[in-house]
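The values are calculated or read from the model by the stated rules, or taken from the named source; none is laboratory data. On a predicted model such as this, the values are computed, not experimentally measured, just so you know. Note that we place each Cβ from the backbone using ideal geometry, even for glycine, and neighbour counts take in every protein chain shown. Please note that ligands, DNA and RNA were not included when accessible areas were found on the heavy atoms of the full protein model with its side chains. Shrake-Rupley method; radii C 1.70, N 1.55, O 1.52, S 1.80 Å.
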Amino acid sequence: MGVGRMQANGGGNTLSESEIVEAALRVVRADGVEKLSMRRLSRELGVSPMAPYYYVADKRELLDLVASAALAGVRKPPPESGPWQQRLRELIDQIDEKLRKHPGLGDVLIEQMLGKQLDLIAAIMEILFEAGFSDRNVLAAYATIHTYLFGRSRVNPRDRSPLSEVTLPESVERATKYISDLRGKYAYDFGMEVLVAGLEAQLVHQPERDVR
(Lines give C-alpha, C1' and ligand atoms only; values in the text may rest on other atoms or scores of the structure.)
Protein backbone atom coordinates (compact mmCIF):
# COMPACT_ATOMS: atom_id res chain seq x y z
CA MET A 1 0.00 0.00 0.00
CA GLY A 2 1.30 3.46 -0.84
CA VAL A 3 -0.39 6.41 0.76
CA GLY A 4 1.63 8.86 -1.27
CA ARG A 5 0.96 12.39 0.00
CA MET A 6 -2.63 13.20 0.99
CA GLN A 7 -4.47 15.92 2.83
CA ALA A 8 -5.75 15.29 6.35
CA ASN A 9 -9.23 16.43 7.39
CA GLY A 10 -9.58 18.31 4.15
CA GLY A 11 -7.11 20.97 5.32
CA GLY A 12 -3.74 21.98 4.08
CA ASN A 13 -1.75 19.51 6.22
CA THR A 14 -0.41 16.55 4.32
CA LEU A 15 1.34 13.39 5.39
CA SER A 16 3.60 11.14 3.36
CA GLU A 17 4.09 7.42 3.76
CA SER A 18 7.62 7.97 5.04
CA GLU A 19 6.38 10.42 7.68
CA ILE A 20 3.81 7.93 8.94
CA VAL A 21 6.38 5.10 8.99
CA GLU A 22 8.97 7.18 10.84
CA ALA A 23 6.41 8.46 13.34
CA ALA A 24 5.19 4.92 14.05
CA LEU A 25 8.77 3.70 14.54
CA ARG A 26 9.48 6.59 16.91
CA VAL A 27 6.54 5.46 19.03
CA VAL A 28 7.79 1.87 18.96
CA ARG A 29 11.30 2.95 19.97
CA ALA A 30 10.00 5.06 22.84
CA ASP A 31 7.13 2.96 24.18
CA GLY A 32 7.18 -0.45 22.47
CA VAL A 33 4.97 -1.85 19.74
CA GLU A 34 2.18 -2.63 22.20
CA LYS A 35 1.75 1.12 22.85
CA LEU A 36 1.44 2.00 19.18
CA SER A 37 -2.14 3.07 18.47
CA MET A 38 -3.86 5.37 16.02
CA ARG A 39 -4.35 7.96 18.77
CA ARG A 40 -0.71 7.73 19.86
CA LEU A 41 0.37 8.03 16.22
CA SER A 42 -1.72 11.17 15.78
CA ARG A 43 -0.04 12.80 18.80
CA GLU A 44 3.38 11.90 17.39
CA LEU A 45 2.46 13.44 14.04
CA GLY A 46 0.84 16.51 15.60
CA VAL A 47 -2.47 15.98 13.82
CA SER A 48 -6.05 15.43 14.95
CA PRO A 49 -6.95 12.00 16.42
CA MET A 50 -8.97 11.12 13.32
CA ALA A 51 -6.35 12.18 10.77
CA PRO A 52 -4.42 8.85 10.64
CA TYR A 53 -7.63 7.09 9.57
CA TYR A 54 -7.40 8.91 6.26
CA TYR A 55 -4.29 6.81 5.56
CA VAL A 56 -4.70 3.49 7.40
CA ALA A 57 -7.78 1.72 8.75
CA ASP A 58 -6.39 0.40 12.03
CA LYS A 59 -3.25 -0.64 13.91
CA ARG A 60 -2.94 -3.90 11.98
CA GLU A 61 -2.88 -2.06 8.66
CA LEU A 62 -0.48 0.49 10.16
CA LEU A 63 1.95 -2.27 11.17
CA ASP A 64 1.70 -3.76 7.70
CA LEU A 65 2.45 -0.36 6.14
CA VAL A 66 5.43 0.18 8.44
CA ALA A 67 6.89 -3.28 7.80
CA SER A 68 6.34 -3.15 4.04
CA ALA A 69 7.79 0.35 3.66
CA ALA A 70 10.78 -0.29 5.92
CA LEU A 71 11.63 -3.58 4.18
CA ALA A 72 11.28 -2.22 0.66
CA GLY A 73 14.17 -3.39 -1.46
CA VAL A 74 14.95 -6.64 0.38
CA ARG A 75 15.36 -9.32 -2.28
CA LYS A 76 16.09 -13.03 -2.13
CA PRO A 77 19.30 -13.74 -4.11
CA PRO A 78 18.62 -16.17 -6.99
CA PRO A 79 20.09 -19.71 -6.79
CA GLU A 80 22.53 -19.01 -9.61
CA SER A 81 24.09 -16.08 -7.74
CA GLY A 82 26.22 -18.29 -5.49
CA PRO A 83 26.33 -21.10 -2.91
CA TRP A 84 23.60 -21.24 -0.28
CA GLN A 85 25.88 -19.87 2.44
CA GLN A 86 26.58 -16.74 0.39
CA ARG A 87 22.92 -16.24 -0.53
CA LEU A 88 21.74 -16.75 3.06
CA ARG A 89 24.28 -14.26 4.34
CA GLU A 90 23.33 -11.73 1.67
CA LEU A 91 19.63 -11.99 2.54
CA ILE A 92 20.21 -11.71 6.29
CA ASP A 93 22.59 -8.78 5.72
CA GLN A 94 19.79 -6.97 3.88
CA ILE A 95 17.35 -7.53 6.73
CA ASP A 96 19.90 -6.46 9.34
CA GLU A 97 20.61 -3.28 7.38
CA LYS A 98 16.91 -2.40 7.57
CA LEU A 99 16.84 -3.14 11.30
CA ARG A 100 19.78 -0.79 11.83
CA LYS A 101 18.25 1.91 9.67
CA HIS A 102 14.91 1.69 11.47
CA PRO A 103 15.39 1.05 15.20
CA GLY A 104 12.21 -0.50 16.54
CA LEU A 105 11.48 -2.32 13.27
CA GLY A 106 12.36 -5.66 14.88
CA ASP A 107 9.42 -5.43 17.28
CA VAL A 108 7.10 -4.54 14.40
CA LEU A 109 8.33 -7.50 12.35
CA ILE A 110 7.86 -9.94 15.22
CA GLU A 111 4.27 -8.69 15.46
CA GLN A 112 3.85 -9.12 11.69
CA MET A 113 5.84 -12.30 11.02
CA LEU A 114 2.85 -14.62 10.80
CA GLY A 115 0.77 -12.07 8.95
CA LYS A 116 1.67 -10.32 5.74
CA GLN A 117 5.43 -10.63 6.22
CA LEU A 118 5.46 -14.38 5.59
CA ASP A 119 7.46 -13.73 2.43
CA LEU A 120 10.45 -12.88 4.62
CA ILE A 121 10.25 -16.23 6.40
CA ALA A 122 9.67 -18.01 3.10
CA ALA A 123 12.74 -16.45 1.45
CA ILE A 124 15.03 -17.66 4.25
CA MET A 125 13.44 -21.12 4.36
CA GLU A 126 13.67 -21.54 0.59
CA ILE A 127 17.45 -21.04 0.71
CA LEU A 128 17.69 -23.59 3.54
CA PHE A 129 15.64 -26.12 1.56
CA GLU A 130 17.80 -25.50 -1.51
CA ALA A 131 20.85 -26.22 0.68
CA GLY A 132 19.45 -29.67 1.50
CA PHE A 133 18.14 -29.24 5.04
CA SER A 134 15.27 -31.47 6.08
CA ASP A 135 11.84 -30.04 6.84
CA ARG A 136 12.46 -30.32 10.57
CA ASN A 137 15.91 -28.75 10.38
CA VAL A 138 14.72 -25.90 8.16
CA LEU A 139 12.37 -24.90 10.98
CA ALA A 140 15.12 -25.25 13.60
CA ALA A 141 17.56 -23.30 11.42
CA TYR A 142 15.05 -20.52 10.81
CA ALA A 143 14.34 -20.27 14.55
CA THR A 144 18.07 -19.89 15.18
CA ILE A 145 18.40 -17.17 12.53
CA HIS A 146 15.28 -15.41 13.84
CA THR A 147 16.68 -15.41 17.38
CA TYR A 148 19.97 -13.94 16.17
CA LEU A 149 18.38 -11.23 14.04
CA PHE A 150 15.73 -10.07 16.49
CA GLY A 151 17.17 -11.10 19.83
CA ARG A 152 20.65 -9.56 19.75
CA SER A 153 19.45 -6.29 21.23
CA ARG A 154 18.24 -8.14 24.32
CA VAL A 155 21.85 -8.99 25.30
CA ASN A 156 23.09 -5.50 24.59
CA PRO A 157 21.00 -3.08 26.68
CA ARG A 158 21.43 0.63 26.05
CA ASP A 159 21.62 1.27 29.79
CA ARG A 160 24.93 -0.21 30.89
CA SER A 161 25.07 1.51 34.28
CA PRO A 162 24.65 -1.78 36.24
CA LEU A 163 28.05 -2.91 34.90
CA SER A 164 29.73 0.17 36.35
CA GLU A 165 28.13 -0.31 39.75
CA VAL A 166 29.55 -3.74 40.59
CA THR A 167 32.97 -5.35 40.87
CA LEU A 168 33.26 -7.58 37.83
CA PRO A 169 35.01 -10.97 37.75
CA GLU A 170 38.36 -10.66 35.97
CA SER A 171 37.21 -12.61 32.91
CA VAL A 172 34.07 -10.46 32.55
CA GLU A 173 36.01 -7.24 33.00
CA ARG A 174 38.50 -8.23 30.27
CA ALA A 175 35.76 -9.04 27.79
CA THR A 176 33.39 -6.16 28.52
CA LYS A 177 36.02 -3.62 27.56
CA TYR A 178 34.73 -4.32 24.06
CA ILE A 179 31.02 -4.06 24.87
CA SER A 180 30.62 -1.25 22.36
CA ASP A 181 31.39 -3.80 19.63
CA LEU A 182 28.03 -5.46 20.28
CA ARG A 183 26.24 -2.75 18.34
CA GLY A 184 28.74 -2.69 15.50
CA LYS A 185 29.79 -4.62 12.43
CA TYR A 186 32.49 -6.67 14.20
CA ALA A 187 30.06 -8.46 16.51
CA TYR A 188 27.49 -8.87 13.73
CA ASP A 189 30.03 -10.43 11.36
CA PHE A 190 31.37 -12.66 14.13
CA GLY A 191 27.89 -13.93 14.94
CA MET A 192 27.00 -14.51 11.28
CA GLU A 193 30.19 -16.48 10.68
CA VAL A 194 29.45 -18.65 13.72
CA LEU A 195 25.84 -19.13 12.63
CA VAL A 196 26.66 -20.12 9.03
CA ALA A 197 29.51 -22.42 10.12
CA GLY A 198 27.14 -24.07 12.59
CA LEU A 199 24.53 -24.60 9.89
CA GLU A 200 27.17 -26.12 7.60
CA ALA A 201 28.16 -28.56 10.35
CA GLN A 202 24.55 -29.51 11.02
CA LEU A 203 23.96 -30.13 7.31
CA VAL A 204 26.99 -32.45 7.11
CA HIS A 205 25.79 -34.49 10.09
CA GLN A 206 22.12 -34.49 9.13
CA PRO A 207 20.89 -38.11 9.14
CA GLU A 208 19.82 -39.31 5.73
CA ARG A 209 16.49 -40.41 7.12
CA ASP A 210 15.72 -36.77 7.91
CA VAL A 211 16.22 -35.63 4.31
CA ARG A 212 13.02 -35.45 2.33
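Calculated mean residue ellipticity at 222 nm for the chain: -18000 deg cm²/dmol, from DSSP H runs with n ≥ 4 weighted as -39500 (n - 2.57), summed, divided by the residue count and rounded to 500. Ordered from largest to smallest accessible area (heavy atoms of protein chains, 1.4 Å probe), the residues Arg183, Arg40 come out as Arg183, Arg40. The residue among Val194, His146, Leu62 whose Cα reaches farthest toward the positive pole of the charge dipole of the chain, with charges on the beta-carbon of Lys, Arg, Asp and Glu, is Leu62.
Protection proxy ranking, highest mean first, for peptides 43-52, 99-108: 99-108, 43-52, where packing is the per-residue count of other beta-carbon atoms within 10 Å, averaged.
The angle between the Cα long axis of helix 118-131 and the longest principal axis of the Cα atoms of the chain comes to about 20 degrees, rounded to the nearest 10. Against the chain, whose longest principal axis is taken from its Cα atoms, helix 84-101 shows a tilt of about 30°.
To the nearest 10, the accessible area of Thr144 is 80 Å² with a 1.4 Å probe. Whenever you get a sec, compute what percent of the accessible area on the chain sits on carbon and sulfur atoms (1.4 Å probe). On the chain, the fraction of accessible area on carbon and sulfur atoms equals 54 percent.
Could you give the angle, 0 to 90 degrees to the nearest 10, between helix 185-204's Cα long axis and the longest principal axis of the Cα atoms of the chain? Result, in degrees: 50. Each peptide in 20-26, 33-39 receives the mean, over its residues, of other Cβ atoms within 10 Å, and ordering these scores from highest gives 20-26, 33-39.
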